[in-house]
Amino acid sequence: MADIAHLIEPVIPALRRYARTFVRGAADADDLVQDTLERAISRWYQRRSDGETRAWLFTILHNLAVNHLRRAARRGREVPLDDAGESDVAVPSAQEDALRRDDILGAVGRLPDEQRSVLLLVSIEDVSYAEAARILGIPIGTVMSRLARARAQLQKLLEQQGKPASDRPYLRRVQ
């Protein structure tokens, strides 16, 4: 064991410096060096007798650091609970959006087929009026009038459901 300590101990300051290039804090770097030393000592028998101990330790540290960074990227940013603000832990609810989407889809489903197809092509599929006219085989003026009627009818249906004006969908104009 004294032989191991004799070979590893002089390398520890360099390992710390190298570890700090991977992680931000000194404590995290020390943890990384400690993990490196634990792995090296527990696997000392795997070291090549003709290999350089310093290079082997740096390889272990590098591999552990890369694994640590990958894990951190998958996990996301860590914030201590005492330091966390509301924005760090709050997740916007999706229930209201889902209910609103269901209301809109229900209202779109009650539109006449001619109006629904024009509305979906122009508003959802981002098709120009001219392209919608070609797809549906109707004049461009008919596309524009059906789209205007579809928007008005959709607004009326949503108002009948008791949705305030701010909850109405934004239907952009594409020409």
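The values are calculated or read from the model by the stated rules, or taken from the named source; none is laboratory data. Since we're looking at a predicted model, the values are computed, not measured. All Cβ positions, glycine included, derive from the backbone under ideal geometry; neighbour counts span all protein chains shown. We work out accessible area using only protein heavy atoms, side chains counted, and drop any ligands, DNA or RNA first. Shrake-Rupley method; radii C 1.70, N 1.55, O 1.52, S 1.80 Å.
Below are the figures for this structure:
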quantity: Condition broken by ALA5, with the remaining ones in (1) without any contact (Cβ under 8 Å) to a residue 12 or more places away in the chain; (2) aliphatic (A, V, I, L, M); (3) part of a helix (DSSP H, G or I); (4) open to solvent by 50 Å² or more (accessible area, probe 1.4 Å) satisfied; calculated: (4)
quantity: Segments classed as helices (runs of 4 or more DSSP H), wholly inside region 18-100, with at least 2 members that are within 27 Å of ALA5 (Cα to Cα) and among the small types (Gly, Ala, Ser); calculated: 26-42, 53-75
quantity: Of all residues in region 102-127 being among the polar types (S, T, N, Q) and open to solvent by less than 30 Å² (accessible area, probe 1.4 Å), the one that is modelled with the highest pLDDT; calculated: GLN115
quantity: Number of positions in region 33-83 that are hydrophobic (A, V, I, L, M, F, W, C), closer than 21 Å to LEU15 by Cα and open to solvent by 70 Å² or more (accessible area, probe 1.4 Å); calculated: 2
quantity: In region 138-172, the residues that are at pLDDT below 90 and either part of a loop (DSSP other than H, G, I, E, B) or in contact with a Leu (Cβ under 6 Å, 6 or more places away or on another chain) (or both); calculated: GLN161, GLY162, LYS163, PRO164, ARG168, PRO169, TYR170, LEU171, ARG172
quantity: Given (1) free of Cβ contacts under 8 Å to residues at least 24 places away in the same chain; (2) over 30 Å from THR21 (Cβ atoms); (3) of a type in the set (Phe, Trp, Tyr), index of the condition TRP56 fails; calculated: (2)
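Quick grid of which residues meet (1) of a type outside the set (Val, Ile, Thr); (2) in the same structural domain as ASP3 (by the TED database); (3) in contact with a strand residue (DSSP E or B) (Cβ under 7 Å, 6 or more places away or on another chain):
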position	(1), (2), (3)
ALA27	yes, yes, no
GLU52	yes, yes, no
THR59	no, yes, no
ARG71	yes, yes, no
ALA84	yes, no, no
ARG110	yes, no, no
